[in-house]
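Values in this text are rule-based calculations from the coordinates and carry no lab data. Please read all numbers here as calculations on a predicted model, not as lab measurements. Virtual Cβ from ideal backbone geometry, glycine too; neighbours counted across all protein chains shown.
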Amino acid sequence: MVKITDVEAKTMSGAQALVKSLKEEKVKDVFGLIGSATMEVFDALYDEKSINYIGVRDERTGTHMADAYSRALGGGGLILAGQNGPGATNLVTGLAQAKLANSPVVAIAGSISSSHVYRDAFQEVDQQALFTPITKKTWTVNRADRIPEMVQEAFRVSQEGKKGPVVLNIPRDVLSDIQDFGRFKSPSEYRSESYPAANHEQLSKAAELLRNANKPLIMAGAGVKWSQSQQSVISLAETIEAPICTSAGHGDAVPNDHPLFAGQVGPRGNVVATELAKNADVILVLGSRLGFNSTFYTYDHLNPNAKIIQVNIDHNALSRYFPVEVGIVASAGTVAKQLESELKNDRVVSTERSQWVRQFKINRHNLLAQRAEEGRATATGSIISPKQVYHAINSVMPSDSMFTLDAGTLCLQANDALHFRQSPSLFTPLDFGLVGFSYAAGLGLKAASPDRTVVSLMGDGGFGMTMSEIGTAVQHNLNTLTVVMNNHCWGAEKAYQRDFFDERYMGADITNPRFDKIAELYGAKGYAVNDPSQLQSVLADALHSVQAGHPTVVDVQVDPNALYSFRKDSFKNRSK
């Protein structure tokens, strides 16, 4: 067989052309699970030393790794499902998650031989139909000579405009077919790096609204992170003296230690940021849809009389849930720079605006002081509260830390409680509300950013779903620090049963092993915390363990009664 390492060779298999195309895309890491449908691909990867293969234990968790990897680097996260049928169907949850997070994951799935389609063949599933609703686009490659073209299209589509996951289904006969291939193109030849901007009329109107505002507020969303425009948003906020809040799940859009940072807004956020949104007269929304987790689609968390300027790369996001005064289809970072340039010479700030910012800073200071007081460890022998866990993490973890969270009541509280000092540093399931995301996402982050500290926070239920990936962490030196808040229950659901179903508990309680001991059996390091006075010292030891090159799991026994019903709106029809 022709070796892919021969740079002059043009005759190669479809699988070799696939790997060559991935190399042209500067893919450095491939997450995958080996399967017979793609053995040609694995054989081609064997020869390509520039691509690191990370074998996972489940295609779902591998997709979460690729998801977080893509969010950290702006793209390039790739999952290879080696087996058609069950290997491919295991991608579904991860891809649905990535779609609602607008994460540019590229998935390659093996598929049955072309001649076996529609014959009820072994492990036959209509993968094209399966993936189409949960991806930005899905293709089934029908000819080997089109593989380079379709790989290019997959990466382009996943990363352009509103980002999202894509799938290439490739039949095994296409992968093994030998063809003559021409020159492989580099990404610069078929992908544009330009970013849309506001036109003169839009810019003038938005600037005038901000110029005349007495209570301006900037709301930063995912678009700020995707466009890497944190500094542009800060410069604009400093220029116009406006507080910055963020949409839910994007509390890292700007560094949290900036004096104008207010935290996340809405039901997943804090009272200070939400009060700003409820009282602002002009709200500049940069890269956010004002979606469900930030607003619940109501004015409960927004001033109904505020004039909204909304900037989003996706035209469909503008005015979708709330009417806007100015809607701009553009990059959040580009418009932030335009507005800063337009307003930088306006140095006259109204007395009311100065008071608005002054009062916000007082309120923010008081909130942080209250959280610190609630989080300090109490006397030995007391029960560990989630607030104490968050406070200890904030106290111990370095400023470069990246955090992954699950859904569920404990992690939802952590969304706004943790400190995010470098962007990007917060990775959550976002709108899919997925339990079982955090641990695998942390491994993907560590692969993407090996020099940064990665902390995965999750409940015992979600960790139990995904702890087999400890083996992946150990095998591939993905040294993350995982904190399992172990309350021996499905906390969100138990809270609903407590608050709305007369404490008629069914299926809410679970039995767990010692997760620190499970970690040790895999060859990782394990720690256990049963007392709040131990939290900071144990987390410091765990951090040293990670820095010494060991994947580390900390089992923290938290108060099983520290539950909170986030979705009270869902049970308005019930009373105790």
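Annotations for the structure displayed:
- Every Cα-Cα pair in the stretch 11-189 was counted, and those over 23 Å apart are 31% of them.
- Degrees, to the nearest 10: 230-240 long Cα axis against longest axis of the chain: 20 degrees
- Exposure proxy order (Cβ contacts within 10 Å, fewest to most) of Tyr53, Tyr439: Tyr53, Tyr439
- Reachable aspartates and glutamates, given that their alpha-carbon falls under 14 Å from the alpha-carbon of Lys307 and they are not under 8 places away in the same chain: Glu208, Asp281, Glu325
- Diffusion coefficient of the stretch 377-570 by Stokes-Einstein, Kirkwood radius over Cα pairs, 10 °C, 1.306 mPa s: 96 µm²/s.
- For the chain, with +1 on Lys and Arg beta carbons and -1 on Asp and Glu, the positive-most of Asn363, Leu521, Gly75 along the dipole: Asn363
- Here the stretch 315-342 is scanned for amide nitrogen atoms under 13 Å from the site 7 Å beyond the Cα of His200 along Cα-to-Cβ, giving none.
- Net dipole in debye of the chain [+1 Lys, Arg Cβ; -1 Asp, Glu Cβ; about Cα centre; nearest 20]: 980 debye
- Shape class of the stretch 350-453 from the alpha-carbon gyration tensor: oblate, with a/c at 1.5 or above and b/c at least as large as a/b.
- Neighbour net charge for Asp460 - beta-carbon separation under 15 angstrom, K R +1, D E -1: -3
- Converting phi to 3J(HN,Hα) with the Karplus coefficients 6.51, -1.76 and 1.60 and the offset θ = phi - 60°, the stretch 71-85 yields 5, 5, 9, x, x, x, x, 10, 10, 10, 8, x, 10, 5, x Hz in sequence order, with x at every glycine or proline.
- Ellipticity estimate at 222 nm from DSSP helix runs (n ≥ 4, -39,500 (n - 2.57)) divided over the chain, nearest 500: -11500 deg cm²/dmol
- Between 0 and 90 degrees, the angle of helix 535-547 with respect to the longest Cα principal axis of the chain falls at about 30 degrees.
- Panel note: the C-alpha atoms of the stretch 83-226, placed on their principal axes, show extents of 68, 36, 20 Å (largest first).
- Exposure rule at most 12 other beta-carbon atoms within 10 Å, DSSP loop GluC sites (Glu not before Pro): the chain longest free segment: 194-502
- Calculated over the chain, the projected area of the Cα convex hull averaged across directions stands at 27.9 nm².
- The ranking of Val311, Val92, Val271, Val483 by Cβ neighbour count inside 10 Å, starting from the fewest, reads Val271, Val92, Val483, Val311.
- Nonlocal Lys pairs with alpha-carbon distance under 20 Å, the stretch 448-576 (8 or more apart, or different chains): 5
- Sparsely packed chymotrypsin sites (Phe, Trp or Tyr not before Pro) within the stretch 66-133, loop by DSSP, other Cβ within 10 Å at most 13: Tyr118, Phe122
- Total charge dipole magnitude, the stretch 200-363, about the Cα centre, Cβ charges on Lys, Arg, Asp, Glu only, Debye to nearest 20: 120 debye
- As a calculated quantity, the FRET efficiency between Ser188 and Asp314 at R0 = 25 Å, using C-beta atoms, amounts to about 0.55.
- Here the chain carries DSSP beta bridges of which approximately 5% are antiparallel, counting only pairs with both residues inside.
- Qualifying trypsin sites (Lys or Arg not before Pro) in the stretch 411-491, where qualification requires a DSSP coil assignment and no more than 11 other C-beta atoms within 10 Å, are lacking entirely.
- Principal-axis tilt of helix 491-500 within the chain, Cα atoms, nearest 10 degrees: 50 degrees
- Cβ crowding within 10 Å, taken as a proxy for footprinting-reagent exposure, orders Ile328, Ile218 from fewest neighbours to most as Ile328, Ile218.
- Trypsin sites (Lys or Arg not before Pro) restricted to the stretch 514-549 and DSSP loop, no more than 15 other C-beta within 10 Å: Arg514
- Of Leu339, Pro429, Leu412, farthest towards positive along the dipole that unit charges on Lys, Arg, Asp, Glu beta carbons give the stretch 337-477: Leu339
- In this structure, the pairs whose alpha-carbon distance is over 31 Å, taken from Lys344/Lys446; Lys23/Lys136; Lys225/Lys361; Lys10/Lys137; Lys278/Lys344, are Lys344/Lys446.
- The alpha carbon gyration tensor of the stretch 200-363 gives principal lengths a ≥ b ≥ c with a/c below 1.5, which makes the shape rounded.
- Percent of Cα pairs exceeding the 19 Å cut-off, where the set is the stretch 48-98: 25 percent
- FRET efficiency estimate (nearest 0.05) - Cβ-Cβ, Asp257 to Asp509, R0 30 angstrom: 0.15
- Cα centroid of the stretch 463-516 to Cα centroid of the stretch 400-437, whole Å: 15 Å
- Taken about its Cα centre, the stretch 396-487 carries a charge dipole of roughly 160 debye when the Cβ of each Lys and Arg holds +1 and the Cβ of each Asp and Glu holds -1.
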